[in-house]
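Engineer: One structure coming up, written as structure tokens, with questions to follow.
The values are calculated or read from the model by the stated rules, or taken from the named source; none is laboratory data. As the structure is a prediction and not an experimental result, all values here were calculated from the model. Reconstructed Cβ throughout: ideal geometry from the backbone, glycine too, with neighbour counts over all protein chains shown.
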């Protein structure tokens, strides 16, 4: 399991040092992001799901308590660890009162923070294991018939639609477009099973999206979704894609069913639902195998040129008629990494590029290559850095940016850990070796 963690501090050195330390932990597997201010952290929190945030408790422009409130408004289950340079007991009491997970002094050392992160993950696992579902759900026959009519026959005009939504007590708004998601399962759907699946989905993403589900086939269910915060589809998309694997795992553990999602990330008008659903349904029933390991893929994943795996999808081939396979996926992913070493190559960013959920992408890459994707990215960046240090006169700060590091100090620490020398020591040694070789060549003439 991969856990997403963000480090927030207005002092660059502290942010980089903590991120460097946490990235180096063997267990748990962390995808670490960095933010150097509260506004930068809020921007990341709006577009990505985070399991843990490690943050300074006092930063310019926003207190740690205010940031904590914002974090829990977007991701209620996110664990927040506060760091401070002072033993501020009153502030610590407030932080814990408002839901902080831990309060740590900065001088307590890396081991204390690593232990706190491990405790966060244990807490997340315990919470997931405690999922309980109500035994009985009322069957809302009128609601089912109405939602199915939207899929089959299209929506009435806005005024009539809103009136019907309100009469049936549905959470959606006729004025706003909807996001569509289809779930495909390995068992026939009953009304009771559908209600339980819907409960799990709301339990995971209900803080970010309003959603209504309807059975559209014996093994297919359609969700119509809208952002809780009107107009903030970015946060809604982050919740839907970010929690897909947790929803899949909960359905497997609690209900004994295997569920895979196909998601359309572009909002559609109500009148477009029948046409768009037909397209998603075709993709789901034509390409997706019943017990696919994929938790979620967007519809773009299945379009021409997508990156597909044997055993997960079927009936798909390239323009030359040769079926796409894992080698094609690895080649395309490595090509993207090599061409974007200066850009964001986090697992989240790669999964967005490949239209797959992050955990599945990471797991499949290791299965096909035997290597962790983070190790491959690090090796590629260090190889390019060594080449630039040997063959160019660029400043180390310029080289660090060219291989994806926003801090020269962070780059230097990573380079020394990987190569055994600082960038300057490596450059000096390479120049001496080249000079010595030139002398030997001259003597040999």
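Engineer: Restricting attention to the stretch 330-348, which residues are loosely packed, with under 15 Cβ neighbours inside 10 Å and within 19 Å of residue 6 (Cα to Cα)?
Structural biologist: Selection gives 343, 344.
Engineer: Let me ask you something else. Confirm whether residue 168 is more than 31 Å from the chain's Cα centre (by Cα), modelled with pLDDT of 90 or more, over 21 Å from residue 50 (Cα atoms) and buried (at least 17 other Cβ atoms within 10 Å of the Cβ).
Structural biologist: no
Engineer: Would you point out which residue out of 360, 405, 355 is on the phi > 0 side of the Ramachandran plot and surrounded by 19 or more Cβ atoms within 10 Å (Cβ to Cβ)?
Structural biologist: It is 355.
Engineer: Still on this structure, please answer the following. How do the helices (runs of 4 or more DSSP H) wholly within the stretch 349-404 filter down when requiring 2 or more residues that are in the same structural domain as residue 432 (by TED's automatic domain parsing) and modelled with pLDDT of 90 or more: which remain?
Structural biologist: So the answer is 373-391, 396-402.
Engineer: Under the condition of being in contact with a helix residue (DSSP H, G or I) (Cβ under 7 Å, 6 or more places away or on another chain) and surrounded by fewer than 17 Cβ atoms within 10 Å (Cβ to Cβ), which residue from the stretch 379-401 is farthest from residue 348 (Cα to Cα)?
Structural biologist: Step by step, filter the stretch 379-401, then rank; the result is 390.
Engineer: So residue 116 passes all but one of these: (1) out of contact with any strand residue (DSSP E or B) (no Cβ under 6 Å at 6 or more places or on another chain); (2) at pLDDT 90 or above; (3) in a helix (DSSP H, G or I). Which condition number does it fail?
Structural biologist: Of the numbered conditions (1) out of contact with any strand residue (DSSP E or B) (no Cβ under 6 Å at 6 or more places or on another chain); (2) at pLDDT 90 or above; (3) in a helix (DSSP H, G or I), the odd one out for residue 116 is (1).
Engineer: Looking at 195, 250, 295, which one is more than 11 Å from residue 184 (Cα to Cα) and buried (at least 20 other Cβ atoms within 10 Å of the Cβ)?
Structural biologist: None of the others qualify; the one that does is 250.
Let's see how each residue does on (1) over 13 Å from residue 113 (Cα atoms); (2) touching a residue at least 60 places away in the same chain (Cβ under 8 Å); (3) in a strand (DSSP E or B); (4) touching a strand residue (DSSP E or B) at 6+ places or on another chain (Cβ under 7 Å):
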residue: 4; (1), (2), (3), (4): yes, yes, yes, yes
residue: 19; (1), (2), (3), (4): no, yes, no, yes
residue: 30; (1), (2), (3), (4): yes, yes, yes, yes
residue: 39; (1), (2), (3), (4): yes, no, no, no
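Engineer: Search the stretch 220-246 for residues being over 14 Å from the mean Cα position of the chain (by Cα) and under 17 Å from residue 294 (Cα atoms), and hand back the single one that is surrounded by the fewest Cβ atoms within 10 Å (Cβ to Cβ).
Structural biologist: Once the filter is applied, the top-ranked residue is 220.
Engineer: Can you tell me which residue in the stretch 43-64 is nearest to residue 12 (Cα to Cα), limited to those that are part of a helix (DSSP H, G or I) and in contact with a helix residue (DSSP H, G or I) (Cβ under 6 Å, 6 or more places away or on another chain)?
Structural biologist: 45
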